[in-house]
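> Sharing a structure, written as C-alpha cells. Questions coming.
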Amino acid sequence: MDETGRQQQLWDQWAPHYNHEHQGRDPGPAVDFLASLTGTAGKALELAVGTGRIALPLADLGIPVTGIDVSAAMLDELHRHRGDRAVTTHTADMADLDTGSERFELIYVAFSSFYFLMTQPRQAACLQQVVRALAPGGRFVIEATIPRAPGLLAGAQQLAIRDLTDTHLSLSAITHDPIAQTIRFQELRFDQDGLRLLPVAMRYVHLSELDLLAADAGLNLTDRYADWHRAPLTATSTQHISVYTPAGAAP
Ligand SMILES: C[S@@+](CC[C@H](N)C(=O)[O-])C[C@H]1O[C@@H](n2cnc3c(N)ncnc32)[C@H](O)[C@@H]1O
C-alpha cells in the first residue's frame, strides 16, 4: 500500500472519534488569525481539512473554504456538521493538489498536518502545488509542532500516560526514526468498551528544512510566530505558525 492509502486507512479509523478526542482544542485563535489574512473578498483552501474543526468556523465569518483531505470518512464527519456553510471538499492527497484554474488568497495547513506527508519529495511536491494554487499576493500558512518533543530525540521508543482515571486509561506508544525523521504512534484508549487503537504516522521537518523546501518551491517566509495570537517565537516555543508568500509578490 502506498503512503496515500496508508494515511487514508489511518484517518478513516480516527474519523468517528476525532471530534471527541480534540474537543478541548479551541479553533477560535486560528480562525481569527486566518480571517485577518484572507480579507473579505478572499477564498481559503485548507489542506488536510479533516472534520472541519477550523474550516467550519472560518466559513461562519463569510470566507468560502475549500478543503481537501485524504480520508473520505473524515470529510463525511465534516459534512455532517456543515449545515449551509460555504465549505466544499475534495478527497485527495495534498501532495497531488490540483485546483485547476482556481486560485486562493489563503492556503493553510494546521495542526502539524503537513507532517502527514511521509517523505521529503512528497512535502516538496505539496509546496510546489501550493504556489500554483495561490492568487497573486496570496499567503500560505503552516501550523506545526517544533520537532523537539522531550525524550523523543533521545530514544527510539516511548510510552506515555496521557490520562488515567478510575474508568479510563489513555496511553501513547511512540517509535521514532531520526534518520527518516518519522514518528509512528498509537494512541491507546482503554475503558469499559474495551481497547481502541488510534494510529498516527508523520514525518517532521525542522524549520531550516521547511524554509529551504519552501524557497525551492518559490515561497518566501514573511512572518513566524509561536502561536495564533502572534506571540514571538523563542527557543522554548513548542509550535510555530509560519506565513509564506510567493517569491516576487509585494509584501
Ligand atoms: C490531525 S487531522 C487535522 C484535521 C484538521 N486540519 C484540524 O486541524 O483539526 C489530520 C488530517 O490530515 C489528513 N491527511 C493525512 N494525510 C494526508 C494527505 N497526504 N493529504 C491530505 N490529507 C491528509 C487526515 O485524513 C486528517 O483528516
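> Pick from the stretch 142-157 the residues that are closer than 17 Å to SER112 by Cβ and at pLDDT below 90: which of them is surrounded by the most Cβ atoms within 10 Å (Cβ to Cβ)? Lay out the reasoning, then the answer.
Initial filter on the stretch 142-157 (closer than 17 Å to SER112 by Cβ): 142-150, 152-153.
Those still in the list that are at pLDDT below 90 too: 147-150, 152-153.
Numbers: PRO147: 20, ARG148: 13, ALA149: 15, PRO150: 9, LEU152: 18, LEU153: 11.
Of everything passing the filter in the stretch 142-157, PRO147 is surrounded by the most Cβ atoms within 10 Å (Cβ to Cβ).
> Test each condition in (1) within 13 Å of the ligand (Cβ to nearest atom); (2) aliphatic (A, V, I, L, M); (3) in contact with a helix residue (DSSP H, G or I) (Cβ under 7 Å, 6 or more places away or on another chain) for LEU75 and report the one that comes out false.
(3)
> Kindly indicate whether any position in the stretch 40-49 is out of contact with any Asp or Glu (no Cβ under 9 Å at 6 or more places or on another chain), modelled with pLDDT under 95 and more than 10 Å from the ligand (Cβ to nearest atom).
Of the stretch 40-49, the ones out of contact with any Asp or Glu (no Cβ under 9 Å at 6 or more places or on another chain) are 40.
From what's left, modelled with pLDDT under 95: 40.
The next check asks that each one be more than 10 Å from the ligand (Cβ to nearest atom); those that pass are 40.
Yes, the stretch 40-49 has at least one match.
> Given the condition under 23 Å from VAL31 (Cβ atoms), in contact with a strand residue (DSSP E or B) (Cβ under 7 Å, 6 or more places away or on another chain), in contact (Cβ under 8 Å) with a residue 24 or more places away in the chain and part of a loop (DSSP other than H, G, I, E, B), answer yes or no: does some residue in the stretch 205-221 qualify?
no
> Within the stretch 58-68, take every residue that is in contact (Cβ under 8 Å) with a residue 24 or more places away in the chain and crowded, with 20+ Cβ neighbours inside 10 Å and give me the one that is nearest to the ligand (Cβ to nearest atom).
ILE68
> Still on this model: Which number in (1) over 18 Å from PRO16 (Cα atoms); (2) at pLDDT 95 or above marks the one condition that GLY100 misses?
All conditions pass for GLY100, except number (2).
> Right, something else. Taking the stretch 20-34 only, how many residues are crowded, with 19+ Cβ neighbours inside 10 Å and either near the ligand (Cβ under 10 Å from one of its atoms) or under 24 Å from ASP163 (Cβ atoms) (or both)? Break it down stepwise before answering.
In the first step, residues of the stretch 20-34 are kept if they are crowded, with 19+ Cβ neighbours inside 10 Å; the result is 27, 30-31, 33-34.
Narrowing further to those that are either near the ligand (Cβ under 10 Å from one of its atoms) or under 24 Å from ASP163 (Cβ atoms) (or both): 27, 30.
Qualifying residue count for the region: 2.
> Residue under question is ARG80, and the condition is that it be of a type in the set (D, E, K, R) and more than 22 Å from ALA125 (Cα to Cα); does it hold?
Working: of a type in the set (D, E, K, R): yes; more than 22 Å from ALA125 (Cα to Cα): yes.
So ARG80 fits the description; yes.
> Kindly establish whether PHE185 is part of a strand (DSSP E or B), more than 24 Å from MET118 (Cα to Cα) and aromatic (Phe, Trp, Tyr).
Numbers: part of a strand (DSSP E or B): yes; more than 24 Å from MET118 (Cα to Cα): no; aromatic (Phe, Trp, Tyr): yes.
It is false that PHE185 is part of a strand (DSSP E or B), more than 24 Å from MET118 (Cα to Cα) and aromatic (Phe, Trp, Tyr).
> Taking the stretch 69-118, which residues are surrounded by 20 or more Cβ atoms within 10 Å (Cβ to Cβ) and more than 18 Å from the chain's Cα centre (by Cα)?
none
The values are calculated or read from the model by the stated rules, or taken from the named source; none is laboratory data. None of the values given here were measured: they were computed from a predicted structure. Cβ sites come from the backbone with ideal geometry, for glycine too, and all protein chains shown count toward neighbours.
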